[in-house]
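The values are calculated or read from the model by the stated rules, or taken from the named source; none is laboratory data. Being a predicted model, the structure only gives us computed values, none of them experimental. Here the Cβ is made from the backbone with ideal geometry for all residues, glycine too, and neighbour counts use every protein chain on show. Remember, those area values only see protein heavy atoms, side chains included, never the ligands or the DNA or RNA. Shrake-Rupley method; radii C 1.70, N 1.55, O 1.52, S 1.80 Å.
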Amino acid sequence: MTASLPRQASPPDEPPRPTEEDRRHMIRRRALTLLIIVLLIGVPAGYLVISADQSRNSGKDKEEKYSATGLTKGWPSRVQRRLYQVPVPGYSTDVAYYETNNWKTSRLYVQFLTSDDGLDTFLKNIGTSRDALKDDDITIGARDQGVVGWEFSDTGPWSGLVHRQKNPAPTQDVVVNRSRPGHPMVYVVSRTTP
C-alpha cells in the first residue's frame with residue numbers, strides 16, 4: 001500500500017491562485033479594454049478635429065464676409081457710426097453700408113436718402129454745413145466708387161465736400177445728389193487711420 005502524503009494548506013497571507021480564464025471572458029475583457037482606450041484617446045482627438053474644422057470654417061466665413069464687395073442694406077451698427085462719425089439721420093431711408101479694414105486705413109461707406117432738414121442735421125453733426133458743399137464737386141474718388149459700385153454720372157445736381165479732421169478723428173468725403181427735390185441722396189466715405 002502506498003502512503004499518500006498529507007495535503008498542505010497554503011499560507012494565509014498568500015492570495016488564492018486564479019482559476020483558468022475561459023475564452024469568452026478573456027474576449028470580453030479585451031473588448032472592454034479596447035473600448036476604454038478608444039474613449040480615452042478617440043473622443044478627445046475627435047473633438048479636436050471637429051473644433052479645428054469649425055474654427056477654420058468660421059475664418060472662411062469671416063473672410064468671405066469682409067472680402068465681398070457691395071453694400072449691405074440696413075444701418076451700420078452704432079459702434080461703426082460712432083467710430084467713423086457718420087450720424088445717419090433717424091428717419092432716413094434706402095440706408096446701406098460697407099466697411100473695409102486693413103493695416104493702413106479703415107473705411108465706412110454709407111448711403112442714405114433723407115430730407116433737406118436731415119441733410120442739414122447730418123452736416124451739422126459731422127461739424128460742417130450745407131454752405132461747404134461745392135456744386136459739381138464729386139469728392140469720392142473712382143477707387144472708392146468702385147469698391148461699392150457707386151456711379152455719380154446720373155442726373156444731378158451733384159455737390160460734395162471733404163470734411164478733414166485731425167487724427168485720430170476720421171475724414172469724411174460727402175457727395176449729395178439732389179435730383180429729387182426735398183429728398184437728397186447722401187453718399188459718405190469716412191476713413192480713419194489707426
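Here are some notes:
- No other residue among Trp150, Trp103 is under 23 Å from Gly182 (Cβ atoms) and aromatic (Phe, Trp, Tyr) apart from Trp150.
- In the stretch 137-147, residue most open to solvent (accessible area, probe 1.4 Å) [restricted to those that are hydrophobic (A, V, I, L, M, F, W, C) and within 23 Å of Trp75 (Cα to Cα)]: Val147
- Look at (1) open to solvent by less than 10 Å² (accessible area, probe 1.4 Å); (2) part of a loop (DSSP other than H, G, I, E, B) and you find that Pro181 fails only one, number (1).
- For the stretch 94-112, a residue qualifies if it is assigned to a strand (DSSP E or B), surrounded by fewer than 19 Cβ atoms within 10 Å (Cβ to Cβ) and in contact with a Ser or Thr (Cβ under 8 Å, 6 or more places away or on another chain), and the qualifying residues are Ala96, Glu99, Thr100, Ser106.
- Within the stretch 148-177, the residues that satisfy the criterion of being within 26 Å of the chain's Cα centre (by Cα) and open to solvent by less than 30 Å² (accessible area, probe 1.4 Å) are Val148, Trp150, Ala169, Pro170, Thr171, Gln172, Asp173.
Quick grid of which residues meet (1) in contact (Cβ under 8 Å) with a residue 60 or more places away in the chain; (2) in contact with a strand residue (DSSP E or B) (Cβ under 8 Å, 6 or more places away or on another chain); (3) part of a helix (DSSP H, G or I):
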position	(1), (2), (3)
Thr139	no, yes, no
Arg143	no, no, yes
Gly146	no, no, yes
Glu151	no, no, no
Ser159	no, yes, no
Val174	no, yes, no
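- Members of the stretch 116-137 found to be touching a helix residue (DSSP H, G or I) at 6+ places or on another chain (Cβ under 9 Å), assigned to a loop (DSSP other than H, G, I, E, B) and farther than 14 Å from Tyr187 by Cα, listed by number: Ser129
- Test: residue in the stretch 124-131 that is touching a His at 6+ places or on another chain (Cβ under 8 Å) and within 20 Å of His183 (Cα to Cα): yes
- Residue within the stretch 69-85 that is closer than 27 Å to Arg178 by Cβ, over 18 Å from the mean Cα position of the chain (by Cα), of a type in the set (Gly, Ala, Ser) and modelled with pLDDT of 85 or more present: no
- Test: residue in the stretch 114-129 that is in contact with an Asp or Glu (Cβ under 7 Å, 6 or more places away or on another chain) and either open to solvent by 30 Å² or more (accessible area, probe 1.4 Å) or in contact (Cβ under 8 Å) with a residue 12 or more places away in the chain (or both): no
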